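I have placed the structure first, in the form of structure tokens, so that the comments after it can refer back to it.
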Amino acid sequence: MKTKLSIIIILIVIAQSCSFSVSPEKYFGKVALNSNLLGGFGEQDFENYMNAKSQNALYIKLENEDYEMQDMLVPHITTYVIPNIEKSIKDIKDLKVTASTEAMINASLELHEFTLEQYKTEYVKIAELIDSEVSKTEIHQEIIKFEKKYLDKFWDLHTNLMDIAIPYAKANGIEISTF
């Protein structure tokens, strides 16, 4: 009986230790590669959104967890984009911090949280203008103001993350391509 109990305990410990082990590839993917989804920050995002809006190709998340395509940007940002950024933040926070991943995790969180705040405030304001179909000149002026205020900070945070993540990838034998 003691032997069976010992074996069960050993198997539980092994299973738990395996579940806590995260590969360097997974760390790099969740922390660094996923940040590339934020890379259109600013004018590029808004151009993409306006094109998608004109084609009724913006997603909104429905209460039943399904998605529907439509042509309003504010609901797309609030029900689809923001929750995806929040999920990325949760996934990053759920990673076990180690000595070799702490700086990379912190840099990624800083970038994601900064971006999330802009989506919740500034992106929604500009999206309201787009949905209201104000003049393209007015929308463009607001995007320029937005970029002057936030774009440098975004790219500083993104560059900082990559300055940490690329050496991490190389040190762990993760093949990456930079351009």
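Any read-out appearing in this document is the output of simple, stated calculations on the displayed coordinates, not a laboratory observation. Please read all numbers here as calculations on a predicted model, not as lab measurements. For neighbour counting, all protein chains shown are included, and Cβ atoms are generated from backbone atoms with ideal geometry for every residue, glycine included.
When shorter helices are ignored and each DSSP H run of at least 4 residues is given -39500 (n - 2.57), the per-residue value for the chain at 222 nm works out to -21500 deg cm²/dmol. Relative contact order for the stretch 23-171: 31 percent, from Cα pairs under 8 Å spaced at least 6 residues apart, divided by residue count. For P(r) over Cα pairs in 10 Å bins from 0, in percent, the candidate list reads [x] 8, 24, 22, 22, 16, 7, 1; [y] 9, 30, 27, 20, 9, 4, 2, 0; [z] 10, 39, 38, 12, 1; the entry that matches the value derived from this model is [y]. Could you compute the FRET efficiency for M69 and N36, with r as their C-beta to C-beta distance and R0 at 22 Å, rounded to 0.05? For R0 = 22 Å, the calculated efficiency reads 0.40. Each pair of Cα atoms in the stretch 65-170 enters the Kirkwood radius, and Stokes-Einstein at 20 °C and 1.002 mPa s then converts it into a translational diffusion coefficient of 137 µm²/s. Of the GluC sites (Glu not before Pro) in the stretch 139-175, the ones in a loop by DSSP (not H, G, I, E or B) with at most 14 other beta carbons within 10 Å are E175. Spatially, the stretch 133-162 and the stretch 64-92 are offset by 20 Å when compared through their Cα centroids.
Could you rank the peptides 69-81, 106-118 by their average count of other C-beta atoms within 10 Å per residue, with the highest value first?
Details: 69-81: 17.9, 106-118: 19.5.
The peptides rank, most packed first, as 106-118, 69-81.
For the stretch 43-84, run through the GluC sites (Glu not before Pro) and keep only the ones in DSSP coil with at most 15 other Cβ atoms within 10 Å of their Cβ. If you can, show how the numbers build up before the last one.
On the way: sites: E43, E47, E63, E65, E68; in loops: E63, E65.
Here the sparse-neighbourhood loop sites are E63, E65.
Net length available on complete extension from N106 to S135 is 6.4 nm, with 0.36 nm assigned per residue and the Cα-Cα distance removed.
If the chain between N48 and K125 were fully stretched, how many nm would it gain, using 0.36 nm times the residue separation less the Cα-Cα distance? Don't skip to the end; give the middle numbers.
Numbers: separation 77, 0.36 × 77 = 27.72 nm, distance 1.65 nm.
That pair, N48 and K125, stretches by 26.1 nm at full extension.
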